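Read through the structure below, which is laid out as structure tokens, and then see the notes.
Throughout, read-outs are computed from the coordinates displayed, never taken from laboratory work. Since this is a predicted model, take the numbers as computed values, not measurements. Every residue, glycine among them, receives a Cβ derived from its backbone with ideal geometry; neighbour counts consider all protein chains shown.
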Amino acid sequence: MNKSGNTILITGGGSGIGAALAQRFHDLGNTVIVAGRRQDALDATIAGRPNMHAMTLDVESEAGIADFAGRLLAAHPDVNVLINNAGIMRFEALDRSRDLADAEATITTNLLGPIRVTNALIDHLATKSGAAIVNVTSGLAFVPLVMTPTYNATKAAIHSYTVSLRAALEGKVEVIELAPPAVQTGLTPGQETLEGYQPLNEFIDEVMALFAQTPTPSEILVQRVKFLRNAEAEGRFDKTLQQLNETVTKARHG
């Protein structure tokens, strides 16, 4: 992936990892469009930065994504990089019957959202020089957190989808997976200050150093996430599953 001179769309760009990536890529000399539901959050991300733009997008809406794609390409026909970052994470109890609204919203946002956005833009991206798609997954795609089962499942699905997409687009569009560990963001209540979670700036520093490598790695993996990414290959999946869930439970509940 080219480090500068791109026109980059980042979904979920109003906060957290999306906003931080947007600002860092902008500072490298890229034009960046951030998309999300809340105009005020998007405006805060781009404040004071020329060549940053904000557009509203509801990734839960199939019709909304189609409309967004039309507006995006009319306003920014040079878009050549898509970063699918928008996502939600909900706590769910699996030991009793429950309302499945959270599970269904998670699937729509985290799985159907990236698939639909990619589908809406793929014909355009395939014509652009230096085109790339970056799908943001999670370390939990590889070892699940029991309290967020549908989130884990959607990220595992996007990991698999990314592998297929990379093979299908070889020679046309570069396909990269970014799998974060637990990072101090507003993804869940109180997460910004949870002990043991990686500070956002530290995480982004590592990520941008990996993006700076030539060639760009097909998987962007900071050191902290390799504990999860490599657990099965290294024969320690069961131990890691137990350790992960005990650590997060302690961090959240003491």
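How high is the FRET efficiency between Asn230 and Lys250 when r is their beta carbon distance and R₀ equals 22 Å, given to the nearest 0.05?
Working from the Cβ atoms, E equals 0.45.
Dipole magnitude of region 7-253 about its Cα centre, charges +1 at Lys/Arg Cβ and -1 at Asp/Glu Cβ only, in debye to the nearest 20? Walk me through the intermediate numbers first.
Details: 20 positive and 27 negative charges, 32 e Å.
So the dipole magnitude of region 7-253 works out to roughly 160 debye.
I need the phi-derived Karplus couplings for region 129-140: 6.51 cos²θ - 1.76 cosθ + 1.60, θ = phi - 60°, integer Hz, Gly and Pro marked x.
Calculated HN-Hα couplings, in order: 5, x, 5, 8, 10, 10, 9, 8, 10, 5, x, 6 Hz.
Working from Cα positions, state the angle (0 to 90°, nearest 10) between the long axis of helix 237-253 and the longest principal axis of the chain.
Once rounded, the angle reads 90 degrees.
Going by amide H atoms built from the backbone, whose H comes under 5 Å of the H on Glu219, apart from near neighbours?
Residues meeting the amide H criterion: Glu177.
Of Leu200, Ala63, Gly36, which is farthest towards the positive pole of the chain's charge dipole, taken about the Cα centre with +1 and -1 on the beta-carbons of Lys, Arg and Asp, Glu respectively?
Positive-most Cα among the choices belongs to Leu200.
Add -39500 (n - 2.57) for each DSSP H run of 4 or more in the chain, then divide by its residues: what number comes out at 222 nm, to the nearest 500 deg cm²/dmol?
Details: 9 runs with 107 residues, N = 254.
Computed mean residue ellipticity for the chain: -13000 deg cm²/dmol.
Post the alpha-carbon centroid distance, region 224-254 to region 129-185, in whole angstrom.
18
Name the long-range amide H neighbours of Val81: under 5 Å, sequence gap of 5 or more, or other chain; modelled H, no Pro or chain starts.
Residues meeting the amide H criterion: Thr7, Leu9, Ala132.
Simple spin-label model, 7 Å along Cα-to-Cβ: Asp99 to Gln39 in nm?
My value for the distance between the label points is 3.0 nm.
Is any residue of region 33-59 close enough, with backbone N under 20 Å, to a label point placed 7 angstrom from the Cα of Asn201 along the Cα-Cβ axis, and if so, which?
Of the residues in region 33-59, 44-49 have backbone N under 20 Å from the label point off Asn201.
So for region 7-253, taking the charge dipole from beta-carbon charges (+1 Lys/Arg, -1 Asp/Glu), which of Gln242, Ala86, Gly48 sits furthest toward the positive end?
Farthest towards the positive pole: Gln242.
List the aspartates and glutamates whose Cα sits under 16 Å from the Cα of Lys128, skipping any in the same chain fewer than 8 residues away.
Asp78, Glu170, Glu174
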